[in-house]
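What follows is a set of notes on a single structure, which appears directly below.
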Amino acid sequence: MRFTEKRRLESALRERFRSERPSAGARAGHAGAVAALAAAEAARASGSGFGPGDLARAAVRFSPRAFWAAPAAVAALALALALSGAPAREAQAALVASGPVLVAACLAGVVRARSCLMQELEASCPRNAVSVACARLAVLGGATLLALAFACAVCSAAVPAGAAAAYALAPYLASAAGGLMLARRVAAADATVAAVAWSAGVGALCLLLGIAAPGAYCAGAVWAWAAVSAAGALWLAREAAGWLRLCAQGGVASESARRARAF
């Protein structure tokens, strides 16, 4: 549809609504009919039995199909490395890169409502944007954590379990926390791009660190990676709470939050 045709259609609809508005409430029984419809809809919604399990199943059903390729690829790569007897260095690199890849896929599904400018609509529904965001975080985040745990388990022959968990969790948690932070702070349409770009940057930085400073992945550095993982978990909890607050506001930051970011 051309721009001029769109403008004519909008004008025609506007005039139509304007002409019908004065007589909308003047018809006999109009207010009572509206009240009855609202009561019936409220009763139907309260008795529908749509619980947390149904919400989780809906999150699985309506998640991007491309997301599920990331956990499958991470699990397949880890299994291939374990079966081929790959050296510890390759297994470490795979574990380090797996976290950001999984987070990029996860956040692309979690923050897409903001990118598509749909958070305000979700916030007005009976199962509001906070419930939907929690379901997405639980389903997509749980799937990525399961894939990461599987990768650590199958690579335990080359990398000790504790070291594997530290190497995998540190970039995973840093990617998730930073991605949520950027998705909340940038312009709504750029939320997905910002989250995915942050995850890619974290993964690239960790791989470059392994090339420039191989000692960063030695046995003595495991405690440093564990400390980064702990800090990342705290950061992620803070950013997840901030994301849920933004969802509750319909994707529109409060005035105090905007002033805080400005300074």
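The values are calculated or read from the model by the stated rules, or taken from the named source; none is laboratory data. Owing to the predicted nature of the structure, the values given are computational and were not obtained by experimental measurement. Cβ coordinates were reconstructed from backbone atoms using ideal geometry, including for glycine residues, and neighbour counts include every protein chain displayed. These accessible areas exclude ligands, DNA and RNA; they are computed on the full protein's heavy atoms, side chains included. Shrake-Rupley method; radii C 1.70, N 1.55, O 1.52, S 1.80 Å.
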| note | Judged on accessible area alone, 1.4 Å probe, highest first, Glu239, Glu15 line up as Glu15, Glu239
| said: Among Ala227, Ala164, Ala12, which one shows the highest mean-square fluctuation when the chain is modelled as a Gaussian network with alpha-carbon springs under 10 Å? | reply: Ala12
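Determine the relative contact order of the stretch 110-263: mean sequence separation of Cα pairs under 8 Å and six or more apart, normalised by residue count, in whole percent.
Computed value for the stretch 110-263: 37 percent relative contact order.
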| field | Principal-axis tilt of helix 191-212 within the chain, Cα atoms, nearest 10 degrees | value | 10 degrees
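Once the piece of chain linking Leu83 and Ala187 is laid out straight, how much longer is it, given 0.36 nm per residue of separation minus the C-alpha distance between them?
Numbers: separation 104, 0.36 × 104 = 37.44 nm, distance 4.49 nm.
32.9 nm is the gain from fully extending Leu83 to Ala187.
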| In degrees between 0 and 90, to the nearest 10, how far off the longest principal axis of the chain does helix 30-46 point, with axes built from Cα atoms? | 20 degrees
| remark: Cα-Cα pairs in the chain separated by more than 26 Å, as a whole percent of all pairs, come to 54 percent
| Cα lying deepest toward the dipole's positive end in the chain, options Leu146, Ala73, Ser115, charges on Cβ | Ser115
| Percent RCO, i.e. relative contact order, over the chain, from Cα pairs under 8 Å lying at least 6 residues apart | 24 percent
| task | Using a Förster distance of 25 angstrom, determine the FRET efficiency expected from the C-beta separation of Leu121 and Phe62, and round it to 0.05. | result | 0.95
| request: Could you tell me how many degrees, from 0 to 90 and to the nearest 10, lie between the Cα long axis of helix 161-185 and the main elongation axis, the longest principal axis, of the Cα atoms of the chain? | output: 30 degrees
